[in-house]
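Novice: To start, I am sharing the structure in question, which I have written as structure tokens.
Quick note: the coordinates plus some simple rules give every number you see, no bench work behind them. This structure is a prediction, so every number in the text was calculated from the model and none was measured. Backbone-built Cβ (ideal geometry, glycine too); neighbour counts: all protein chains shown.
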Amino acid sequence: MDEFDTIQLNVTGCFSADYDLENVTIENDLNPVLEWSADTNSYPTYLFQEWQIFRKDPNQTQWNKVGTVFNQYKYDFKDAQVGFIKVDQDSYDYRVEMKLNDDLQGPSNEVHSILLERDNGVVPIVDPDTIPVNLQWNTYNAWPVDSYSVVLQEKVNGTWMPEYLHYNVASPQNPVLAPDTTYQLFVPELFPGEYRVCVRTTNPNDTQYTAYSNCLPIIITVPPVPDTVVVPNFITPNNDGTNDEFIIQFIEDYEDLSQVTIFNRWGDRVWQSGTFYDNSNPWRGTNQNGTPLADGVYFYSVKLVNASDNYEYVVNGTVTIVDAR
């Protein structure tokens, strides 16, 4: 060939995989769940190897791989690394990427979870007629959002009931109340018990996707308190043998349910017993993972049931952790 000759190569059969992260939702107040879609006509499916899941934690710039899905037709992933405590603390960014014929095809769009918070650390124990629950949440970025709903649920016999109260906000009829502002939820007249409030939004262009936020507890106080149960108001978990444990006297009298839940001052659940609280293995001032909590005031809710009484008691109060070493 001469010095200034040019070779032209015509390449056919190239592909560009087309996929999108459609949604990040908090599933049942426990874990973030990702949902995505893919156009299988945009790539040869026989070359597919895996989906890779990436998360960017709050105040971080680095993306970390948190999971892999090997079924090319499975378009969802639960991030078990972010549990029920973390979903109440921060919003998390996600993206997905396809590996095809040993090559990553490029990151998808980025979507973050919805974080619902109380302003000013409103406690979860409320008087339903006088104290509003002030809510705030961040703007969702997976789709153009024109409405949010505030959803209230009740816990009955240990199971959350289907949503039954919706407060539509940030709708075209009421455009003032929106994310990043404060929404006052006045709890309606409810029976004493345990409730939770969440925010949800549905994709206006594809209603198969619904994004839920984390949920915040609301406990309606119960006037009648069983006289037999004695709950301590402080513990000193320093292993000196005195007041190290949260011992509830006579809780064993309740044979159908005796569940204890501990909340921090922001209303986040930090520890919960099983169906029956066991004084031989009581709460010792730790979170659910066994890590000691900071000194300070916490809120407890003790749910008690005896079927023979035909009544459900909920005892609410505060307990102070003082690690006096």
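Novice: Which residues' amide hydrogens lie under 5 Å from the amide hydrogen of residue 23, considering only partners 5 or more residues apart or on another chain, with H built in the peptide plane?
Specialist: Amide H neighbours of residue 23, under 5 Å, 5+ apart: 35.
Novice: Quick one: grab the alpha carbon gyration tensor of the range 192-301, order the square roots of its eigenvalues as a ≥ b ≥ c, and give me rounded if a/c is under 1.5, else prolate or oblate depending on whether a/b is larger than b/c. Mind showing how you got there, number by number?
Specialist: Working: a/c = 2.60, a/b = 1.78, b/c = 1.46.
The shape class here is prolate.
Novice: Can you work out the Karplus-derived ³J(HN,Hα) for every residue in the range 241-252? Use 6.51 cos²θ - 1.76 cosθ + 1.60 with θ = phi - 60°, whole Hz, and x for glycine or proline.
Specialist: Result, ordered by residue: x, 10, 6, 6, 10, 8, 8, 9, 6, 6, 5, 5 Hz.
Novice: Give me a comma-separated list of calculated 3J(HN,Hα) values for the range 138-153, in order, Karplus coefficients 6.51, -1.76, 1.60 applied at θ = phi - 60°, integers in Hz, x for any Gly or Pro.
Specialist: In residue order, the calculated couplings are 8, 5, 7, 10, 7, 7, x, 9, 10, 7, 10, 10, 9, 10, 10, 10 Hz.
Novice: Compute the Cα gyration tensor for the range 18-112, then decide on rounded, prolate or oblate, letting a ≥ b ≥ c be the square roots of its eigenvalues: rounded whenever a/c is under 1.5, prolate when a/b is larger than b/c in the other cases, and oblate in all that remain.
Specialist: Taking the square roots of the gyration eigenvalues as a ≥ b ≥ c, the range 18-112 is prolate.
Novice: So, by mean Cβ neighbours within 10 angstrom, what's the order for 271-282, 60-71 with the highest one leading? Walk me through the intermediate numbers first.
Specialist: Numbers: 271-282: 14.3, 60-71: 12.2.
Ranked from most to least packed, the peptides come out as 271-282, 60-71.
Novice: Near residue 86, which lysines are there with a Cα under 22 Å away, not counting those fewer than 8 places off in the same chain?
Specialist: Hits, sequence-local ones excluded: 56, 65, 78, 155.
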